[in-house]
Every structure is written in C-alpha cells, then in structure tokens.
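Quick notes on the structure that follows.
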Amino acid sequence: MSEVFHFLGQNIEAIYILALSIFLGIEVISNVPAVLHTPLMSGANAIHGVVIIGAIIVMGEADPQNYLALALGFIAVILGTLNVVGGFVVTDRMLEMFKKKEKK
Amino acid sequence: MELSQNLLHIIYLLASLSFILGLKMLSHPKTARNGNLIAGAGMTLAIFATIFLYHNAEGAPVGNLPLIFLGLIAGTIIGYIMAKRVKMTSMPQMVSFFNGMGGACAALISLNEFGKYTQNNYAETLLNGHVLMILLGIMIGSVSFAGSMIAFGKLEGKIKDYVLPRQQLFNVLLLVIILGLGAYLMLQTEGKIVLLYVITLLSLLYGVLFVLPIGGADMPVVISLLNSFTGLAAAFGGFLYGNRAMLTGGILVGSAGTILTILMCQAMNRSLLNVLVGAFGGQSGQAAAQSSEMGVIKEISLNDCAILCNYAQRVIVVPGYGLAVAQAQHITHEFESVLEERGVEVKYAIHPVAGRMPGHMNVLLAEADVAYDKLLEMEEANPLFKNTDVVLVIGANDVVNPAAKDDPTSPIYGMPILDVDESKTVVVLKRGMSAGYAGIENRLFFNDNTRMLFGDAKSSLEKLVKELKNI
C-alpha cells in the first residue's frame, strides 16, 4: 500500500494534469454538430500522434550498438510520423470542403 | 543547458495549448480548418524542440540524429502521399490506418523502454508505477493497432464479420489472462522479456478478436473508440518520460474520443455496450430468408422519373454510401440546380450515419458545392416528408429501412430512420437488389409508392439530367 502512495506522491503533478485534461476533453467536445464528427475524430487521431515525441526520445537514447533497440526505435519514429502527418493532412482534406463553400 | 530545458518546457506548454485550442476549434464548422492547422503547428514545434533541446537525466542530448531524420522524412513522405491520394470514400479506413500506426508506435516505445529499464535496474523489483505504465502502454497500444488494422480491412471489404462460438466468453477470458500475466510479470524480480513478448502477442490477438465480430456498419464507432485507446497509450508514454505534451495530448484525445464515441452511438440510438457486444452481422440470415414473401418491386423508367421530378413541388434527396462509391455528388448537384431553375424545391436529408461515417455525406456534397442550408439533418427532414412529392434515395439502404421502426427481430431495430415512406413517391436509385451494409432486406423497396431505378447512380443521374433538359 505504501508503494501506491509513494507512486501517487511522486507523480502528483502528472495526476493533476491527467484529471484536468479528462474534464477538458469532455468539455471541449460536448457541443459538436454531427457534421463534424468525422473530421473531429480524424483531428483527434492526429493529435495522439504526439506519441512520436516518445519515439524520438527512445531513438535518441538508444545505444548505437544495440541494433534491436535501433530497429524498434526507427520503426516507431516512422509509424509515429505517419500518424501525425497522415492524420493532419487527411483532416485538412476533409475540412477543405467546408471551407470552399464559405467563400461564396 | 538550463536555458534549453526551460525553453523545451515552454514549447511543450504551447503545444499542449495548441492541442486544446485545436480540438475546441475543430468542433465548430467555421473554425474547424484553422483548428486543425493550429494543432498541427503545435505538433511540429514540439517535435523539433524535442530533437534539438531534449536532454536525458544524464544531460546527454538526442543521439542517432541521422536515423531520426531519416525516419521522420520517410514517414512524412509516405503519410503525405497516402493522405493526399486516398479517395473521399475511403477516408474512414485511412483514419483507422493512421490510428493503428499511432498504437503500434506507442507499443514499440514501451517494448524498448522495458528492455532498457530491466538492464539498468536488475536489482530492484518490478512492482512499481514505471513498469505498470510500460505494461499498459504495450497492452493498449497493441490492441489499438491490431483492432485498427481489422477495422481498416473491414471497411476495405477485405475482411468479413466472423463470430466464433462463445466468442464473448473467450474474449473476456483472454483479457483476464493478459492482465494476469501482466500482474505476474510485475511480481518478478528480474525482467522476463519473453513474458513481455507473450503479453504483446496476446494483446494483438485480443485486438483482432475484439473487432472481428462487430458489424461493418458499426466500424465508425469502433474506430472512434480505438482512437481514444491510442490517446491513452500515448498518455502512458507521457507518464514514462514525465513528458507533459504527450500527457495532455494523449489524455485529451482519450477523453474527447470517448465522448465522441458515445455521441456517435447516440446518433444511432444505441448504447456503446450494444454496439460492442451485439454482434451485428450474426442474425442477418433469418431476415434475408423472409424476403421472397415481401411482394413485388416496381421499376420506373428514366423518362417517367424525370417527369415526376419536374412537376413536383418539393424533392428530397437521401444520399447514402452508394452515392459516394459512384462518385455521383457532382451530378447530383447538377440535377438539383436544373430542378431549382424550374421552381422545384430541392433539399437533402442526411441521416447521421449515412455513408460509412457520421458527416461523410456532408463532406461529399460540400465537395460538389451543394449549399450548406440545403442539407437537412434527420430531425429537420422527417416532418417534411409528408408534404414531399418525390424522395430520391441515392445509394442509401439501411437508413431508410422501416424494419428499424417495426420489426423487433431486425438487427437495426431501434435505430432512428428517415421516414421516406411518408412521401408521395419514393424513387430508389440502386445497382441491384443486394442488401445494404447491415446485410438485411429492405421492405421499403416493395412498398406501393416505391419505384426502383436500377443502375449505377452516376450514369442514372446523368441520364435523368438529360431527360429533364428535354422536358
């Protein structure tokens, strides 16, 4: 039990962020019209591509002699980048179409 | 170094704010596109700041830079080309694919981190928060990756729905085994990397079995759910590195994604549990068997249909996935303009889950420059059908199936539908008599006031426009 408290105490800042972000996420989304469900999902999809930062850190700390770690890290960087770039570009393409019409 | 660390923290803060602002702006039509760009800018900033400013606990900067840049460039080129080339009809599976990539990335990070952790801390027990975060990252990332790939395959039409006997029980059992192995691993004093691989493989298997029995029509909901899973996996990575940008970004997507999933379910008038547990495709056999007794279908000629529309007061178009497949959005808009010139009021009735995703039809019609105010949501459209002369159903099926209202045995029973049968005449443009995506027959086609116009939606509409101009 004391380990649990120790862990919570050590990470109390992260836990604050976690709790507040949960509520923020719910608030931010709540009034979205059905039209935007798909683009919003796609945009959120791009945002969790932030995991790429973890991939960069893993890769950056990998021992250049450890080929397994290098290979895993390299694949992680590629996949993470796919998530970010593909995610944002697809979302932009979806939203482009709403934009066009507004100019008229 | 002190300065660069503070700068990095500030940039992560900016990135986190850009994600929040981006999501907020994405939920309003006017600001959506800029919201996406802002979030993208924040992400780019965070990526480059990590590469150039990050130092680990020992103060070493990011190494292996050539490989990192190679990976970034390769990922950017592939991702950009895929996202630009994908057809509007295939957007949903594209989102699923990219989501899977994020999940796999999170799982790989955790795998790597475990190897490193056990090398450096072999004397300690594994019962701590760090290992827990690693395990959760691997499990959720793997489930998200495998599930997204299955969802991708289903939407591409390459994977059919399978329901194994006692599948629900098996799934629950598998989940218990995975969690049990995770707990067992944490009680060990040294890192058993083989055990971790087993957990990874089982999690992948769970992802496959989790999505496999869920019907294709429910894939949007599943993708949205897996999307929030990946968000969680990213957040666990953030915990590992004490990285606040990953933490906020991940959790934000996790909670927003969950709410979005629930909103999507509400649009179909079903609960999330019903979507996940009630295997959709399973019961379709019985419903199809009854079809022969439903009556006779009546076809309509192009000429008759054109005349019908020309002299109508109001025409409502109900678009569905068939319209997207046939790429008929532009010709539909032309058809609408010709009728409007002749004083016919033309509207579009959009069912919340028409197409393969919520909002799919709006995006498609917007591409063809259809005016925003012509698109009616289901609640606006339903009272209008009574006073509508012609309803043109273009490639839609399940969303106009009356079985959803009055046949409790139907798998789509309870889903709100567009009440097109209340109008004077319904014309259904359809390739053939095949069942809709949910795999069930549609009694609407046999109604007295329904006429069928068989053929490819695009060429049928082209011919209709030609006929109209001759009148």
Inset, instruction - Please identify the pairs in which a residue from segment B:25-45 that is touching a residue at least 24 places away in the same chain (Cβ under 8 Å) has its Cβ atom under 6 Å from the Cβ atom of a residue that is surrounded by 24 or more Cβ atoms within 10 Å (Cβ to Cβ) and of a type outside the set (F, W, Y), counting only partners at least 6 apart or on another chain. - result: B:G42/B:A15; B:G42/B:S18; B:M43/A:V84; B:L45/B:A15
Inset, instruction - Having 1 or more residues that are under 16 Å from A:H48 (Cβ atoms) is the bar; report the helices (runs of 4 or more DSSP H) wholly within segment B:209-277 that clear it. - result: B:219-241, B:244-267
Inset, instruction - Give the residues of segment A:30-75 that are β-branched (V, I, T) and within 16 Å of the chain's Cα centre (by Cα), sorted by residue number. - result: A:I47, A:V50, A:V51, A:I52, A:I53, A:I56, A:I57
Inset, instruction - Taking the residues in segment B:16-32 that are facing chain A (nearest Cβ under 7 Å) and closer than 15 Å to A:A44 by Cβ as candidates, determine which candidate is surrounded by the fewest Cβ atoms within 10 Å (Cβ to Cβ). - result: B:K24
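Filter segment B:323-363 down to residues that are assigned to a helix (DSSP H, G or I) and in contact with a Lys or Arg (Cβ under 7 Å, 6 or more places away or on another chain) and give me whichever is surrounded by the fewest Cβ atoms within 10 Å (Cβ to Cβ). Walk me through how you get there before you give the answer.
Step one: list which residues in segment B:323-363 are assigned to a helix (DSSP H, G or I), which gives B:323-326, B:329-341, B:360-363.
Pick out the ones that are also in contact with a Lys or Arg (Cβ under 7 Å, 6 or more places away or on another chain) and you get B:326, B:331, B:338.
Details: B:A326: 22, B:I331: 22, B:V338: 20.
Restricting to residues being assigned to a helix (DSSP H, G or I) and in contact with a Lys or Arg (Cβ under 7 Å, 6 or more places away or on another chain), the top hit is B:V338.
Condition test on A:I22, is it in the same structural domain as A:G86 (by TED's automatic domain parsing) and either at pLDDT 90 or above or of a type in the set (A, V, I, L, M, F, W, C) (or both)? Outline the logic, then answer.
On the way: in the same structural domain as A:G86 (by TED's automatic domain parsing): no; either at pLDDT 90 or above or of a type in the set (A, V, I, L, M, F, W, C) (or both): yes.
Criteria not met by A:I22.
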Inset, instruction - Please work out which one of (1) outside any helix (DSSP H, G or I); (2) within 7 Å of chain B (Cβ to nearest Cβ) is the condition A:V50 fails and give its number. - result: (1)
Inset, instruction - Count, please, the residues in segment B:55-94 that happen to be closer than 18 Å to A:A76 by Cα and touching a residue at least 24 places away in the same chain (Cβ under 8 Å). - result: 1
Legend entry - So B:V391, is it more than 14 Å from chain A (Cβ to nearest Cβ) and within 29 Å of the chain's Cα centre (by Cα): yes
Inset, instruction - Looking for whichever is among the aliphatic types (A, V, I, L, M) and surrounded by fewer than 16 Cβ atoms within 10 Å (Cβ to Cβ) here; the options are B:L127, B:L111. Which one fits? - result: B:L127
Inset, instruction - Give the residues of segment B:1-49 that are over 17 Å from A:P39 (Cβ atoms) and of a type in the set (F, W, Y), sorted by residue number. - result: B:Y12, B:F48
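Listed here are the residues, each with its yes/no results for (1) surrounded by fewer than 24 Cβ atoms within 10 Å (Cβ to Cβ); (2) part of a loop (DSSP other than H, G, I, E, B); (3) small (G, A, S).
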position: B:L384; (1), (2), (3): yes, no, no
position: B:P411; (1), (2), (3): no, yes, no
position: B:P416; (1), (2), (3): yes, yes, no
position: B:F445; (1), (2), (3): yes, no, no
Legend entry - Test result for A:A71, farther than 24 Å from B:Y12 by Cβ, assigned to a helix (DSSP H, G or I), among the aliphatic types (A, V, I, L, M) and more than 7 Å from chain B (Cβ to nearest Cβ): yes
Inset, instruction - Would you be able to say whether some residue in segment B:99-122 is among the aromatic types (F, W, Y) and facing chain A (nearest Cβ under 7 Å)? - result: no
Inset, instruction - Could you list, in sequence order, all residues of segment B:333-360 that are hydrophobic (A, V, I, L, M, F, W, C) and closer than 21 Å to B:V465 by Cα? - result: B:F335, B:V338, B:L339, B:V344, B:V346, B:A349
Legend entry - Qualifying positions in segment A:54-68 - among the small types (G, A, S) and either outside any helix (DSSP H, G or I) or within 14 Å of B:F114 (Cβ to Cβ) (or both): A:G54, A:A62
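Determine whether segment B:451-469 contains at least one residue that is assigned to a helix (DSSP H, G or I), among the aliphatic types (A, V, I, L, M) and free of Cβ contacts under 8 Å to residues at least 24 places away in the same chain. Even if it seems obvious, please write down each step before you answer.
As a first pass, look at segment B:451-469 and keep what is assigned to a helix (DSSP H, G or I): B:457-469.
From what is left, the residues that are among the aliphatic types (A, V, I, L, M) are B:457, B:461, B:464-465, B:468.
In the following step, the residues that additionally are free of Cβ contacts under 8 Å to residues at least 24 places away in the same chain were identified as none.
For segment B:451-469, residues assigned to a helix (DSSP H, G or I), among the aliphatic types (A, V, I, L, M) and free of Cβ contacts under 8 Å to residues at least 24 places away in the same chain: absent.
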Inset, instruction - Considering each residue of segment B:61-85, count those that are among the β-branched types (V, I, T), within 30 Å of B:V325 (Cβ to Cβ) and more than 7 Å from every other protein chain (Cβ to nearest Cβ), and give that number. - result: 2
Legend entry - Unmet requirement for B:P165, which otherwise passes all of (1) in contact (Cβ under 8 Å) with a residue 12 or more places away in the chain; (2) assigned to a loop (DSSP other than H, G, I, E, B): (1)
Inset, instruction - Scan segment B:179-198 for residues that are closer than 20 Å to B:G115 by Cβ and within 32 Å of the chain's Cα centre (by Cα) and report the count. - result: 5
Inset, instruction - Of all residues in segment B:428-437, count the ones that are touching a helix residue (DSSP H, G or I) at 6+ places or on another chain (Cβ under 6 Å) and either of a type in the set (K, R) or surrounded by fewer than 24 Cβ atoms within 10 Å (Cβ to Cβ) (or both). - result: 2
Legend entry - Top-ranked residue of segment B:241-263 - restricted to ones that are touching a His at 6+ places or on another chain (Cβ under 7 Å) and touching a residue at least 24 places away in the same chain (Cβ under 8 Å), ranked as farthest from the other protein chains (Cβ to nearest Cβ): B:L260
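Give the residue, chosen from B:N401, B:N382, that is out of contact with any helix residue (DSSP H, G or I) (no Cβ under 7 Å at 6 or more places or on another chain), assigned by TED's automatic domain parsing to the domain that holds B:Q327 and of a type in the set (S, T, N, Q). Can you show your working first?
Numbers: B:N401 fails: out of contact with any helix residue (DSSP H, G or I) (no Cβ under 7 Å at 6 or more places or on another chain).
None of the others qualify; the one that does is B:N382.
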Legend entry - Output for segment B:16-36, where each listed residue is within 20 Å of B:I251 (Cα to Cα), of a type outside the set (F, W, Y) and assigned to a helix (DSSP H, G or I): B:S16, B:L17, B:S18, B:I20, B:L21, B:G22, B:L23, B:K24, B:M25, B:L26, B:G35, B:N36
Inset, instruction - Name the residue, out of B:A104, B:A151, that is assigned to a helix (DSSP H, G or I), free of Cβ contacts under 8 Å to residues at least 60 places away in the same chain, buried (at least 24 other Cβ atoms within 10 Å of the Cβ) and of a type in the set (A, V, I, L, M). - result: B:A104
Legend entry - Lone qualifier among B:A49, B:A74, B:A41 - being more than 24 Å from A:E96 (Cα to Cα) and either surrounded by fewer than 21 Cβ atoms within 10 Å (Cβ to Cβ) or not hydrophobic (A, V, I, L, M, F, W, C) (or both): B:A74
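The values are calculated or read from the model by the stated rules, or taken from the named source; none is laboratory data. Quick caveat, the model's predicted, so the values are computed rather than measured. Ideal geometry is used to build each Cβ from the backbone, glycine not excepted, and the neighbour counts take in all protein chains shown.
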